[in-house]
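Okay, so here's the structure we're looking at.
Please treat every number below as a calculation from the coordinates, not as lab data. Note that the structure is a prediction, hence the values are computed from the model and not measured. Counting neighbours? That spans all protein chains shown, and the Cβs are built from the backbone with ideal geometry, glycine included.
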Amino acid sequence: MTEIITIGLNTFREAIRNKILYIILLFAVLLIASSIFLSTLALDAAIPVIKNLGLSAINVFGLLVAMFIGVSLIPQEVESKTIYMIVSQGVARWQFVLGKFLGLLLTVYAMVALMSLLFFGVLLAMVGPHDDTYLWMLKAIFMQLFEMLIIVSVAILFSSFSTPILSAMLTLIVYIIGNMTNDFWDFIRLESEKVGAYAPNVLFYKFIWSLCPHLDMLNLKKVVVHFEELPASLTYFPYGVAISHAVVYAAVVLGLSCVAFSKRDF
């Protein structure tokens, strides 16, 4: 455990010195700040515009940190040969992988915390201190932390056996697919009505669907932005199910990462 924490903290310190991180953070700050200007063009929809842009910025730029920094963490250690020194000191490969995961997760969460503080500052200036918006925003950002948990674990998985560019592309594909599982399930339901629930193609689609990360379960943006217009039944959200899915999925992916890296020759 000590080895994992040590590697994680070292990875975090190296990541926060990465120039890419500050460039991404700068763009996130500009996007969130620009929501004030864009909201003036939206007339009565000013607050929904700010909430939508703010949550989107936190989500997208958290993804970019995981992609551009996370996918190079393990390949960089292998290419620079520092992995030999680490392993020679008695650190197991699975400990190294988990340490890198911890460091990247801390980096992403630090980014989310900074962007959230800025975002709440914008909301405070536009909405004022007495509003239920803040509670909903906290819920949405809290669920985004678990979405980032999955994305970080996926980035570590691909970086454990692939090149940084390919790992970034695969991580992005998984992110896109994970946010489309609701649409995919609607397609499966319609297909099962046509050919039957136990048709080979329907069973295959269900199997693929079960392998996907259900990131849409963790996305509260639609509810947060428009919750005033939704009936009470639609504002209910299965937090426990979504969080459990994120934790279990990330754990399985990390397990695969440890296995993949342990079998890698370098």
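Worth a mention:
- Each part reduced to its alpha carbon centroid, segment 1-18 and segment 134-191 end up 24 Å apart.
- FRET efficiency for the Arg189 to Val252 pair, using the beta carbon distance and R₀ = 35 Å, is estimated at 0.85.
- Contour excess over end-to-end distance, with Cα ends at Thr6 and Ser262 and 0.36 nm allotted per residue: 90.2 nm
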